[in-house]
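See structure below.
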Amino acid sequence: MAQLWGGRFTKATDQMVYDFNASIGFDQKLFSQDVRGSRAHVKMLASVGVITEAEKDEILAGLDGIEADVESGKLEITSEYEDVHSFVEANLIDRIGDAGKKLHTGRSRNDQVALDMRLYTRDQVEKTADELRHLLGTILGIMEEHIDTIMPGFTHLQKAQPITLAHHMGAYFEMFKRDVLRLQDIRERMNYCPLGSGALAGTTYPLDRDMTAKLLDFYGPTANSMDGVSDRDYLIEFLSALCTIQMHLSRFSEEVIIWNSNEYRFVEIDDAYSTGSSIMPQKKNPDIAELVRGKTGRVYGALTSLLTTMKGIPLAYNKDMQEDKEMAFDAMETVQNCIVLFDGMLETMTFNKEVMAASAKNGFTNATDAADYLVNHGVPFRDAHGIIGQVVLYCIEKGIAIDDMSLEELKAISPAFDADIFDAISMETCVNKRLTVGAPGHDAMVQEIASCKAFLA
Ligand code: ARG
């Protein structure tokens, strides 16, 4: 048991209490952030004259040595230490003696852990945004290739109107684009440095908080020391953004699973991203998409957990806040893995254009356009709706598409039909006449693709 605070105690800590209280098992993830924060702190302590230049140099050299030894595996982070902060400080004192004992001047583990967690989260926010940008590039590639690939668009999972694969993909582009923007926004708001808040009430040393903030690439110091040590809003915001990303990935996964089913066959997932069955030799399962969908629960769990942990905590630091780490780390890693795997699955997936086109044609997705045709030929919309309803019923009985009817059959239902009906309800016409901003028509999609490209540039 290596603890930083034995002075006022007359008895050793009970072993179970020690284990329950310790965080080294998971906060060792913050090792490099902890060392980085300590470097900035001692540089500032020397610059304001709280320690000497020589002491600063000794401490910096000691920290370099600890970092090198941990990286090379020569020094192991073990449960002998209560937390990562104790690990670094105790090892520093072992190495350089008295100068090491000055590292913690004007600092508390409360502002230290607040800083470490913020530095770690900031890195993860950036990394997640980078991975999302890569996924957006993959989606954009599919949009460019499939600008004229016709497929049915659905509402209520019932075929509704014809769209293109580019248009469908474009919807996901917008979702993940908003996710990137959300992450940028979170980074902006969180980018203030809590170091120098002390335990809760700042400190009597003349700390230069602007200097440490600058050394650690923050915009500046946090404004209130009580808030500085006990704010985890940025983490809640990040977890909330991760939940939204995961929700988007889960919806997309659900579609891939449906499209990949034997009944739909719109897509085929690459062998490298599929798995087999131990008993059924014919099976090729979409496990990756299912797992991405399935992992959504644990990511939502992390957000719910932290919101619940924070809701009853009086100012300022309380040990409850140690619970901000494990599930958050898990959520960050889970979402990043899901983005990368989903991206790879999408990039290698084959789209069955003929199956999608036939599905659009045979699902009455042009029924709205057929009604619009009648409206353009003088029939009031409500009547046109009724006439096309009869046409659809006729087709269902015969097992054909509207396009397969003869002009005579159509005229028997309404004299308003003419020979130009067939062109008016072809899938190509149905799609390409939809030219409102954001619609699937070729020319509208050219515009949309250009703005997607501009976003990624
Ligand atoms: N392990 C603690 C945490 O994660 C570090 C801060 C400890 N502060 C304290 N006063 N015991 O929150």
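Computed from the coordinates by the stated procedures, all read-outs in this text should not be read as laboratory data. These figures come from a predicted structure and were not determined experimentally. Methodologically, a virtual Cβ is constructed for each residue, glycine included, from the backbone with ideal geometry; neighbour enumeration extends over all protein chains shown.
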In degrees, nearest 10, range 0 to 90: what is the angle between the Cα axis of helix 165-190 and the longest Cα principal axis of the chain? 20 degrees
Aspartates and glutamates whose Cα lies under 17 Å from that of LYS295, excluding same-chain neighbours fewer than 8 positions away: GLU254, GLU255, ASP287, GLU326, ASP330, GLU333, ASP343
Karplus ³J(HN,Hα) for the stretch 451-456 (6.51 cos²θ - 1.76 cosθ + 1.60, θ = phi - 60°; Hz, whole; x = Gly/Pro) runs 6, 5, 4, 4, 4, 7
Counting pairs of alpha carbon atoms under 8 Å apart in space and at least six apart in sequence, what relative contact order in percent does the stretch 234-352 give? 38 percent
Projected area of the chain, taken from the Cα convex hull and averaged over every viewing direction, in nm²? 30.0 nm²
Dividing the alpha-carbon radius of gyration of the stretch 251-317 by 2.2 N^0.38 Å (N being the number of residues), what value is obtained? 1.74
Each residue of the stretch 228-238 in order: what ³J(HN,Hα) in whole Hz does its phi give by Karplus 6.51 cos²θ - 1.76 cosθ + 1.60, θ = phi - 60°, with x for Gly and Pro? x, 7, 10, 8, 10, 4, 4, 6, 5, 4, 5
Mean separation of Cα contacts under 8 Å, 6 or more apart, over the residue count of the chain: relative contact order %: 16 percent
Determine the distance separating the Cα centre of the stretch 106-139 from the Cα centre of the stretch 1-71; give it in Å without decimals. 21 Å
Count charges around GLN15 for me, please; just the other residues with Cβ under 15 Å from its Cβ, Lys/Arg as +1, Asp/Glu as -1. -3
With the 8 Å Cα cutoff and a minimum separation of six or more residues, the stretch 349-457 has a relative contact order in percent of 22 percent
Nearest 10 degrees, 0 to 90: what angle lies between the long axis of helix 53-72 and the longest principal axis of the chain (Cα atoms)? 50 degrees
Please report the orientation-averaged projected area of the stretch 371-439, defined via the convex hull of its C-alpha atoms, in nm². 5.0 nm²
Among THR334, MET345, GLN390 - extreme Cα towards positive end, dipole of the stretch 314-457, charges at beta-carbon: GLN390
Run lengths n ≥ 4 of DSSP H only: what is the helix-derived mean residue ellipticity at 222 nm for the chain, with -39500 (n - 2.57) per run over all residues, to the nearest 500? -19500 deg cm²/dmol
Listed by chain and number, the residues whose amide H is under 5 Å from that of TYR81, excluding neighbours fewer than 5 places away on the same chain and using placed H, are ALA2
The ³J(HN,Hα) series, computed from each phi in the stretch 282-288 with the Karplus coefficients 6.51, -1.76 and 1.60 at θ = phi - 60°, rounded to the nearest Hz and given as x for glycine or proline, is 7, 7, 9, 9, x, 4, 5
The answer for the net charge of residues other than GLY100 whose Cβ lies under 10 angstrom from its Cβ, with Lys and Arg +1 and Asp and Glu -1, is -2
Please tell me which of these pairs span more than 20 angstrom C-alpha to C-alpha: LYS159/LYS283; LYS56/LYS102; LYS283/LYS361; LYS177/LYS453? LYS159/LYS283; LYS283/LYS361
